[in-house]
Amino acid sequence: MGLVPGLLVLCLSVPAWATGHRVLVLGDSISAAYGMSLEQGWVHLLAQRLADADPAPEFINASISGETTDGGLRRLPGLLAQHSPNVVVIELGANDGLRGFPLKLLRENLSQLVNLSQDAGAEVVLVAMEIPPNYGTRYTSGFRQSFADVAQNTGSTLSPFLLDGVATNPALMQDDGIHPRAEAQPMLVQTILPTIEAVLAQE
């Protein structure tokens, strides 16, 4: 499996020209399988889960550890031009929140990411994110609400928080308390699978 830095293409024995769907995942370390092999991460496991579809969707994992919404905006136009996805999964914002990025700018960046994808003809799944409560109730609640607001205002599909049921369980988290272990990755798949299946069914 060829690997370009920051980019993993999972064709799963289905030629790109024969796939019914091309799904671009634009994310940070959560989607880049931080602390494990890419094959252990949720994106690869999700592609395997959907490999029996007829035809199987092609997943392009363009996630990079440490990525922010600013970084995503710089990279997304090129990725859209290169891969012409019909579904874009945006899993960004956590690193913005951990740096105390202004929520107004976070919402603007997320909206731009969605709009760029929609203008390119793709359906968008916006992955809800949350940050630790030590950032204060006002900021953490506003951060959480930003994803719901952007999804509603842009007509994109909001997925559940990817680490739901995982982030609060130390046994499923790496020692840094931020990244899920390999053992938790199937749970991430279960969390996002219904959303992905619903969006693919609309295409």
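Side notes on the structure shown:
- Each residue of segment 52-58 was assigned a 3J(HN,Hα) from its phi angle through the Karplus expression (A = 6.51, B = -1.76, C = 1.60, θ = phi - 60°), giving 8, 5, 10, x, 6, x, 9 Hz with x at Gly and Pro.
- Computed packing ranks the peptides 120-126, 89-95 as 89-95, 120-126, most packed first, by mean other Cβ atoms within 10 Å.
- Our coupling estimate for segment 43-48, obtained by passing each phi through the Karplus curve with A = 6.51, B = -1.76, C = 1.60 and θ = phi - 60°, is 5, 5, 5, 5, 4, 5 Hz, Gly and Pro reported as x.
- Long-range HN-HN contacts of Phe59 with modeled amide H, under 5 Å: Leu10, Val23
- The dipole here belongs to the chain: it is taken about the Cα centre, uses +1 on the Cβ of Lys and Arg and -1 on the Cβ of Asp and Glu, and is about 400 debye.
- Annotation: peptides 190-196, 44-50, ranked by per-residue average of other Cβ atoms within 10 Å with the highest first, follow the order 44-50, 190-196.
Bear in mind that the values in this text are calculations on the coordinates, not laboratory data. Remember, it's a predicted structure, so these values are computed and weren't measured experimentally. Cβ sites come from the backbone with ideal geometry, for glycine too, and all protein chains shown count toward neighbours.
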